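The values are calculated or read from the model by the stated rules, or taken from the named source; none is laboratory data. These numbers were taken from a predicted model, which means no experiment stands behind them. No Cβ is skipped: glycine too gets one built from the backbone with ideal geometry, and neighbour counts run over all protein chains shown. Keep in mind that these areas ignore ligands, DNA and RNA; they rest on the heavy atoms of the full protein, side chains included. Shrake-Rupley method; radii C 1.70, N 1.55, O 1.52, S 1.80 Å.
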Amino acid sequence: QVQLVDSGGGLVQPGGSLRLSCAASGIFFSTYNMGWYRQAPGKQRELVAGITSGGSTNYVDSVKGRFTISRDIAKKMVYLQMTSLRPEDTAVYFCNAARASGNYWGQGTQVTVSS
């Protein structure tokens, strides 16, 4: 059974930092492209950061230089280090694992950036 468990969200002041974690199980982790998406109220879900099975990373323009995606293949973990957080980063963040044979989602973790 495939399971992605997201954690690490919370309330943080503008300019603060958070690290999100995603624990994967039931998948051949190293063969999946992993990503972090977010969805704000009234908006579509968007890809924030991705890391391919080969280790290449990509980011949406709005987070470049502030967010870093990484993974630990041995632990089957994906991380999103978020710095210099802004109110517009407020959203539910979802971990995603994708390849041709499957597409899986975590349950989401709320990130709120507010003073």
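Assorted remarks:
- Within the chain, percent of DSSP bridges classed antiparallel, to nearest 5: 95
- Calculated FRET value between Val2 and Lys64, using beta carbons and R₀ = 30 Å, to 0.05: 0.50
- Between the listed residues Asn103, Tyr59, Tyr93, the Cα displaced farthest toward the positive end of the dipole of segment 58-115, a dipole computed from Cβ unit charges relative to the Cα centre, is found at Asn103.
- Per residue accessible area of the chain, 1.4 Å probe, in Å²: 51
- Computed in the context of the full set of protein chains, the accessible area of the chain at 1.4 Å probe radius has 48% of its extent on carbon or sulfur.
- The heavy atoms of Met77 present about 40 square angstrom of accessible area, all protein chains included, probe 1.4 Å.
- Kirkwood hydrodynamic radius of segment 50-115, from inverse mean 1/r over distinct Cα pairs, in Å: 13.3
- Kirkwood hydrodynamic radius (C-alpha pairs) into Stokes-Einstein, the chain, 37 °C and 0.692 mPa s, D in µm²/s: 234
- Orientation-averaged projected area, Cα convex hull of segment 1-41 (nm²): 4.2
- Label-point separation, Arg45 to Gln110 (7 Å along Cα→Cβ), nm: 1.8
- For the chain, the relative contact order is 37 percent, taking Cα pairs closer than 8 Å that sit 6 or more residues apart in sequence and dividing their mean separation by the residue count.
- Each Lys and Arg adds +1 at its Cβ and each Asp and Glu adds -1 at its Cβ; summed about the Cα centre, segment 17-115 shows a dipole of about 120 debye.
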